[in-house]
Amino acid sequence: MIPLSPAPDLDRYRACLLAGAIGDALGAPVEFLTRREILRDFGPDGIRDHASAYGRVAAITDDTQMTLFTAEGLLRARVHARSVASGHGSPTAAPDRAGCVLLVANAYLHWLLTQREEPQTQARGDGLLGVAALHSRRAPGHTCLSALERLDQLPEPARPLQAANGSKGCGGVMRVAPAGLFCAAWPLTDTELSREAFALGADLARITHGHPGGYLPGGVLSAMVALLAREVPMRDALARAREALVTFNGHEDTLQAITAAERLAAQGPAHHDAMVQLGGGWIGEEALAMALYCALAAESPESALLVAVNHSGDSDSTGAIAGNLLGAERGMDWIPQRWLEGLELHSLIDAAATALARVD
Ligand SMILES: [Mg+2]
């Protein structure tokens, strides 16, 4: 009999999504500032606490919005699989990947509705679509918007769930942490889990991002989050994610980026100079590598999350991904109360993480 890993640790689930949202919110006020401008506005240590963006303090951005919609699609897939299984009198089975991709794509089309003009009038409907605060544009990625607009124009049976564009933007990876959490709740061995979570994360990113550099980082993040949630150490989780990565065509750029992150992390505590060498984070493999570097080289998780946002590039996305990794690795204890307090949609994010940890 194959030994199964322990049940998922709810604390790590919650921390994965909450620290991700905190990284997103810390990065929001500085997303479009250079490092020089950040230091000018926030002092020599850069931004260290929530500040104002989008008309409020501790605002989340499109990264966390889409993460929530990823979770909602996956949870709907689970409900669907459960009802099909009970119709056949069989025990609840994990939903198949194609079903998950379809329902997450539908959830992304709901997110697209929240990004329309005059958004508040749309705040009705089931689930997240009925949450008025989500009907707000937070610098959504052009690729996500255009790919989903294209999907929305096609009748459902004809919808291609793999984007035909060549985008390697970071909008694919920044939203797929729930895929790892979702997979980690099922009774799979760590080897099966790594493969399954990688494939699901990559497929979900590929709904909008057609270049391997856009969707394979989603696979790496999902696999790592899944393993971290099972208490696999960070470096072992990375090694397993890398094993899955190299089985995919077009993996070279992503492999090179995460290898560079690992090499720099071996040189000492997370530092801005190393971040510059990894890029700006606007594309998938760079955002993943920068976040991964911070997580691997963390002197403390708190300082690592600050390194993840205090740079000239895509601060909210690198902050979100770093937060996902650090939260899944370490649970809630390290997260400063002042970062949790006032975080936009805190309860909703917490509820999504709690729901993902359940399998019954
Ligand atoms: Mg954003």
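A few remarks follow.
- In terms of packing, defined here as the mean over residues of other Cβ atoms within 10 angstrom, the peptides 307-318, 105-116 line up highest first as 307-318, 105-116.
- Packing rank of 245-254, 150-159, 39-48, where each peptide gets the mean count of other beta carbons within 10 Å, highest leading: 245-254, 39-48, 150-159
- Residue-count net charge about residue 71 - beta-carbon cut-off 11 Å; Lys, Arg +1, Asp, Glu -1: +2
- Distance histogram for region 202-283 (every C-alpha pair counted, 5 angstrom bins, percent rounded to whole numbers): 3, 14, 23, 22, 22, 12, 3, 0
- 339, 282, reordered so the largest accessible area comes first (probe 1.4 Å): 282, 339
- With viscosity 0.692 mPa s and temperature 37 °C, the Kirkwood radius over alpha carbon pairs of region 22-162 converts through Stokes-Einstein to a diffusion coefficient of 191 µm²/s.
- Stokes-Einstein diffusion for region 223-360 at 37 °C, viscosity 0.692 mPa s, with a Kirkwood radius from C-alpha pairs, works out to 212 µm²/s.
- When a 1.4 Å probe is rolled over the protein heavy atoms, the share of accessible surface on region 235-358 that falls to carbon and sulfur comes to 49 percent.
- Heavy-atom surface of region 210-331, accessible at 1.4 Å and reported per residue (Å²): 30
- Lys/Arg +1, Asp/Glu -1 at C-beta; the chain dipole; positive extreme among 210, 256, 51: 210
- Translational diffusion of the chain was estimated from the Stokes-Einstein equation, with Rh taken as the Kirkwood radius over Cα pairs; at 10 °C and 1.306 mPa s the coefficient is 81 µm²/s.
- Shown in residue order for region 293-305 are the 3J(HN,Hα) couplings computed by the Karplus curve 6.51 cos²θ - 1.76 cosθ + 1.60 at θ = phi - 60°: 4, 4, 5, 6, 9, 5, 6, 9, x, 5, 5, 5, 5 Hz (x for Gly and Pro).
- Each helix, a run of at least 4 DSSP H residues, gives -39500 (n - 2.57); summed and divided by the residues of the chain, these come to -18500 deg cm²/dmol at 222 nm.
- Distance histogram for region 48-102 (every C-alpha pair counted, 5 angstrom bins, percent rounded to whole numbers): 4, 18, 17, 15, 11, 7, 8, 8, 6, 4, 1
- Based on the Kirkwood approach, the hydrodynamic radius assigned to region 123-173 is 12.9 Å, with every pair of different Cα atoms included.
- Per-residue HN-Hα couplings for region 267-273 [Karplus 6.51, -1.76, 1.60; θ = phi - 60°; Hz; x = Gly/Pro]: 8, x, x, 3, 8, 4, 4
- Tail weight of P(r) past 24 Å, computed on alpha-carbon pairs of region 132-277, percent: 38
- Considering all different alpha carbon pairs of region 236-295, the Kirkwood hydrodynamic radius works out to 11.6 Å.
- Rolling a 1.4 Å probe over the protein heavy atoms gives region 13-114 an accessible area of 38 Å² per residue.
The values are calculated or read from the model by the stated rules, or taken from the named source; none is laboratory data. None of the values given here were measured: they were computed from a predicted structure. Please note: Cβ atoms are built from the backbone with ideal geometry, for glycine as well, and neighbour counts cover all protein chains shown. Surface accessibility is based on the protein's heavy atoms, side chains included, excluding ligands, DNA and RNA. Shrake-Rupley method; radii C 1.70, N 1.55, O 1.52, S 1.80 Å.
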